[in-house]
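Data first, discussion second: the structure below is written as structure tokens.
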Amino acid sequence: MIDQAQSLRTLAASVNESDRLDALLYDEPVRQSSGKCTAVTVASGKGGVGKTNISINLAIMLSKLNKSVTLFDADLGLANINILLGIHPSFTLQDVTEGRAKIGDVAMRGPGGITIVPGGSGVESLANIDAGSLKRLLREFSALETSSDYLIFDTQAGIAHTVRAFAAASDRQIVVVTPEPSSLADAYAAMKMMAVAGCSKIGIVANMVRDDKEGLDVYKRLATLAKRFLGREPEFLGALPRDPKVSSSVIRQTPITLAHPDAPFSKSMHRIALKFVGQPVTVGKESVFGKLASIFRKA
Ligand SMILES: Nc1ncnc2c1ncn2[C@@H]1O[C@H](COP(=O)(O)OP(=O)(O)OP(=O)(O)O)[C@@H](O)[C@H]1O
Ligand SMILES: [Mg+2]
């Protein structure tokens, strides 16, 4: 937390600017949860299509709608969320799985009132944990679930077994797609993987589109493929425009929805969050981390 504030300070051009950034990022209180946690996996197939930006900004928008949100970095490669937000955690998830730290030491207060779990490479250690440690860990993780209305997993690109596990253990899934043909093909592959894994609540977000019409066209192409070959259509959550303010916010390590709430991307993100919250979803009784552990053990 101190590291994070410091890194933002070095980025800021003046003292005033630094104060403004801190206020922007950390003025929001952490929300109280209603007691029912919906786990959400964000995936894409193709890399670099906006999963991490969408996960962070959806989390912030849901928090603005008074939901308690935990954002979990489930990308085994680069620690995406840390980089995008300038966070330098003292402990990793691996420290938790190996008993050197508790989940409370790893979970950090993020911008806009959200909580962040910088999982990163430690996620893999979840797969190799012994039964005794697993029991302890599941107890710790379930505390994370009881304190969240939404638990959002930002995953890596592709359809690796870990992405499949997070998707299958989650109550709902978001597939991010852009208008590029390769992104469409990979998004279909991700949807197919999810359908085979038994996921039934898949939503599509079309990112980097020219306008809403292009977003809807992208969705329709995916939905047609899914209907024909997978026997069911995903839901359309909405489209996000290509917006230069996304990149400038990434450079400043400040989420666009906080830095530029009136930017086209932020307004569309707000609409998506409203739609997302409004869609009914059946939340499983079993702990998402319990499901994850049994999927990992079977793999
Ligand atoms: N709507 C948008 N408008 C403009 N640029 C965007 C938009 N969405 C994402 N980007 C840019 O695309 C790049 C990739 O975004 P991001 O890291 O969120 O993708 P990702 O899918 O998480 O990537 P990876 O597969 O590597 O995890 C970033 O530089 C980001 O600034
Ligand atoms: Mg990412």
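I need two numbers for the chain: Rg to one decimal and Dmax as a whole number, Cα atoms only, in Å.
Calculated on Cα positions, Rg and Dmax stand at 18.2, 58 Å.
Give the order of Met108, Met191 when sorted by the count of other beta carbons within 10 angstrom, beginning with the fewest.
Met108, Met191
Give me the lysines in straight-line cross-link reach of Lys227: C-alpha distance below 25 Å, same-chain residues under 8 apart excluded.
Excluding near neighbours in sequence, the set is Lys46, Lys51, Lys192, Lys201, Lys213, Lys275.
On a full-extension model of 0.36 nm per residue, what is the gain between Ser142 and Lys285, subtracting their alpha-carbon distance, rounded to one decimal in nm?
Result for the pair: 50.3 nm of gain on full extension.
Name the helices (complete DSSP H segments) of the chain with a Cα length along the long axis of 24 Å or more and a Kyte-Doolittle mean of at least -0.5, or state none.
Within the chain the helices that satisfy the rule are 212-230.
Okay, which of region 98-120 sit inside 17 Å, backbone N to the point 7 Å along the Cα-Cβ direction of Ile83?
Hits in region 98-120 for Ile83 at 17 Å: 118-120.
What does the charge count around Met193 come to, taking other residues whose C-beta lies under 12 Å from its C-beta (Lys +1, Arg +1, Asp -1, Glu -1)?
+1
Hey, what's the Kirkwood Rh for region 50-152 if you take every pair of different alpha carbons, in angstrom?
Mean inverse Cα-Cα distance, inverted, gives 13.8 Å.
Just subtract the alpha-carbon distance of Glu235 and Leu274 from 0.36 nm times their residue separation and send over the number in nm, one decimal.
Stretched out fully, the Glu235 to Leu274 stretch lengthens by 12.6 nm.
Using only alpha carbon pairs under 8 Å that are at least six residues apart, calculate the relative contact order of the chain and give it in whole percent.
This gives 24 percent for the chain.
Which order do the peptides 218-230, 248-260 take when ranked by the mean count of other beta-carbon atoms within 10 Å per residue, highest first?
So the order, starting with the most tightly packed, is 248-260, 218-230.
Is it possible to state the helix-based mean residue ellipticity at 222 nm for the chain, with each DSSP H run of 4+ residues giving -39500 (n - 2.57), the sum divided by total residues, to the nearest 500 deg cm²/dmol? What is it?
-15500 deg cm²/dmol
Quick one: dipole size for the chain, taken about the Cα centre, charges +1 on Lys/Arg Cβ and -1 on Asp/Glu Cβ, in debye to the nearest 20.
The dipole of the chain has a size of about 940 debye.
Taking only Cα atoms and a 10 Å spring cutoff, compute GNM fluctuations for the chain and point out the largest among Ala167, Ala197, Ala273.
Ala197
Each reported figure results from applying straightforward, stated rules to the coordinates on display, with no laboratory input. These numbers come from a predicted model, not from an experiment. Here Cβ is always computed from backbone atoms with ideal geometry, including for glycine, and neighbour counts include all displayed protein chains.
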